[in-house]
Amino acid sequence: MRIEDTIKIAKRAVLEYKLCDSCLGRLFGMLGYNLSNAERGWTLKALLLMEAYNNLRVETDTIMLTALAASGFKPAEAALKKLGVAKTEEASCYLCEGLVSRLNELSMMCVKAGEEYEYETFQVGCNIPKSLLEREEKLWLNLGLTSSESIKSEITREIGKRIEGLAGKKYSLKDPDIILLVDVEKWRVTVIPRPVYIYGRYRKLVRGLPQSPWLYQPDSRVLYPTSIEELITKPLVRIADAKEAKLHAAGREDLDVRTLGSGRPFVVEIRNPKIRRINLEEVRRVVNEEAKGLVEIEDLKYVDRRVVPKLKAYAEIARKTYVARVKLGREVSENDLRGLEKAFRGAIIQQRTPSRVLGRRIDKVRRKVVHEVKVKALEPRLLELEITCQGGLYVKEFIHGDNGRTRPSVAEILDTSVEVESLDVVWIEEPAIVRSFIR
Ligand SMILES: [Zn+2]
């Protein structure tokens with residue numbers, strides 16, 4: 001926009017609307033480097049004053065001077081006084097109605113509201129009354145402006161700058177610790193702390209402990225009135241002074257299956273934490289102490305929230321190793337056992353949804369890889385199987401065959417009934433992706 005056009009529009013803006021310096025300057029936000037909107041607005045008003053109150057002109061433009069004075073421009077007020085013209089009452093700004101002059105107050109409210117939270121970075125959000133946004137829209141339309149900065153953007157930016165100065169925190173659009181939500185209409189600030197994410201691995205040391213709180217009917221297989229989620233999250237909620245926490249695990253084991261070895265990867269999402277920098281070694285110690293041998297966690301680290309969806313997708317493909325104790329319907333020979341190992345070296349298993357979960361999951365066929373089965377005979381009809389397979393394989397069904405719904409199965413190859421006496425997960429491949437999301 002040429003400067004002549006800018007002045008022409010500024011002139012109309014001052015005559016038709018009483019605008020404070022900031023609101024006038026904001027209309028021309030694309031002009032001038034390193035000027036605040038208030039400085040830009042003041043400069044435009046000064047130019048209009050020079051044009052209106054010019055000793056070389058025959059007539060002084062008192063209408064413009066009056067409009068400038070009404071918009072709070074002090075030099076115009078002085079000029080009118082000198083000319084002996086009574087000035088009209090100073091009106092509050094047509095657009096912001098004085099809001100822009102109260103940004104210090106709002107910034108202080110933000111700092112105060114944030115005081116009970118631990119944070120380094122923040123973002124400012126702003127609820128602006130609808131009527132104000134409508135006035136802004138109308139103003140742009142009437143003056144034919146298409147690329148002005150919005151008042152919302154100025155308010156959040158200016159409050160952000162002030163908080164940085166007042167509290168020594170850093171404004172961050174990307175992944176801030178907290179969001180300070182300023183409600184201009186209710187004149188109130190709400191703090192929204194962003195969740196903290198902690199990665200780790202858990203071992204489930206007993207059978208009969210559910211992963212998440214048990215919501216089904218009373219079940220005789222549930223042996224403990226708690227859950228892995230509760231045992232891990234409860235101490236964390238307390239330590240972080242948070243509202244709640246959620247466990248996201250890379251898959252889940254059946255109720256009667258233990259997870260041993262290096263454990264199962266998980267991420268805990270701590271919601272509304274007041275404390276963000278937790279001593280993870282202390283967390284590990286406290287969780288393990290309070291879980292009293294039911295669960296153990298280790299290898300805790302802060303991660304990015306983007307790990308959560310990756311972790312879930314990952315559970316479907318990650319390699320796992322299980323150890324199963326199985327009882328056979330007949331005695332088998334050494335030959336049978338070697339045949340079993342051979343049959344499942346890199347085998348593709350076709351698995352229809354197990355009959356035991358059919359009510360809850362849709363019936364479909366999955367193809368999963370069994371990488372290896374190692375067999376040890378404990379007694380003539382009692383075997384220990386070490387099964388390494390792709391994530392998502394229903395291992396019990398792979399063993400007993402689920403009436404032919406899983407093929408081939410251990411039962412099919414041995415040509416006898418096979419009963420699973422106990423099952424443990426002993427190894428879960430660690431997702432490499434976690435490393436790139438460590439904070
Ligand atoms: Zn204003």
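The values are calculated or read from the model by the stated rules, or taken from the named source; none is laboratory data. These numbers come from a predicted model, not from an experiment. Positions of Cβ are generated from backbone atoms using ideal geometry, with glycine treated the same way; all protein chains shown enter the neighbour counts.
Just a few scattered comments:
- Region 29-62, residues that are part of a helix (DSSP H, G or I), acidic (Asp, Glu) and either more than 19 Å from Ile155 (Cα to Cα) or more than 16 Å from the ligand (Cβ to nearest atom) (or both): Glu51
- If the condition is being within 16 Å of the ligand (Cβ to nearest atom) and either on the phi > 0 side of the Ramachandran plot or over 53 Å from the mean Cα position of the chain (by Cα) (or both), then region 63-88 contributes only Gly72.
- Of everything in region 100-114 that is under 14 Å from Arg188 (Cβ atoms) and within 16 Å of the ligand (Cβ to nearest atom), the residue that is modelled with the lowest pLDDT is Arg102.
- Conditions (1) surrounded by fewer than 18 Cβ atoms within 10 Å (Cβ to Cβ); (2) closer than 25 Å to His371 by Cα: number failed by Ala318: (1)
- Test: residue in region 159-167 that is within 14 Å of the ligand (Cβ to nearest atom) and within 28 Å of Thr6 (Cβ to Cβ): no
- Flag if Ser107 is of a type in the set (Gly, Ala, Ser), in the same structural domain as Ile155 (by TED's automatic domain parsing) and either touching a residue at least 60 places away in the same chain (Cβ under 8 Å) or under 27 Å from Val124 (Cβ atoms) (or both): yes
- Within region 98-115, tally of residues that are of a type outside the set (Lys, Arg), surrounded by fewer than 17 Cβ atoms within 10 Å (Cβ to Cβ) and more than 30 Å from the chain's Cα centre (by Cα): 2
- Matching strands (runs of 3 or more DSSP E) fully within region 240-323 where at least 2 residues are free of Cβ contacts under 8 Å to residues at least 40 places away in the same chain: 244-249
- Test result for Ala91, within 13 Å of the ligand (Cβ to nearest atom), surrounded by fewer than 20 Cβ atoms within 10 Å (Cβ to Cβ), of a type outside the set (Ser, Thr, Tyr) and under 23 Å from Lys11 (Cα atoms): yes
- Among the residues of region 202-222, those identified as assigned to a loop (DSSP other than H, G, I, E, B) and under 22 Å from Pro265 (Cβ atoms) are Leu205, Val206, Arg207, Leu209, Pro210, Gln211, Ser212, Pro213.
- Region 128-149, residues that are among the charged types (D, E, K, R) and in a helix (DSSP H, G or I): Lys130, Glu134, Arg135, Glu136, Glu137, Lys138
- Looking only at residues in region 133-156 that are under 25 Å from Met109 (Cα atoms) and either touching a residue at least 40 places away in the same chain (Cβ under 8 Å) or among the small types (Gly, Ala, Ser) (or both), the one that is nearest to the ligand (Cβ to nearest atom) is Ile151.
- Residue in region 91-100 that is in a loop (DSSP other than H, G, I, E, B) and under 29 Å from Asp304 (Cβ atoms) present: no
For every residue, the table says whether it meets (1) within 30 Å of the chain's Cα centre (by Cα); (2) not assigned by TED's automatic domain parsing to the domain that holds Ile387.
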position	(1), (2)
Gly261	no, yes
Phe266	yes, yes
Glu269	yes, yes
Pro273	yes, yes
Asp299	yes, yes
Arg305	yes, yes
Leu337	no, no
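- Looking only at region 1-18, residues that are touching a helix residue (DSSP H, G or I) at 6+ places or on another chain (Cβ under 6 Å) and in a loop (DSSP other than H, G, I, E, B) come to 1 in all.
- Any hit, region 80-90, residues being among the aliphatic types (A, V, I, L, M) and at pLDDT 95 or above: no
- Test: Gly84 is out of contact with any Pro (no Cβ under 9 Å at 6 or more places or on another chain), without any contact (Cβ under 8 Å) to a residue 12 or more places away in the chain and of a type outside the set (Ser, Thr, Tyr): yes
- Top-ranked residue in region 15-28 [being over 17 Å from Leu132 (Cβ atoms) and surrounded by fewer than 23 Cβ atoms within 10 Å (Cβ to Cβ); ranked as farthest from the ligand (Cβ to nearest atom)]: Leu15
Yes/no matrix, rows are residues, columns are (1) within 21 Å of Pro193 (Cα to Cα); (2) of a type in the set (S, T, N, Q):
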site	(1), (2)
Leu106	yes, no
Lys112	yes, no
Gly125	yes, no
Ser131	no, yes
Ile151	no, no
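- Summed over region 119-139, the residues that are farther than 30 Å from Ile9 by Cα and surrounded by 17 or more Cβ atoms within 10 Å (Cβ to Cβ) give a count of 4.
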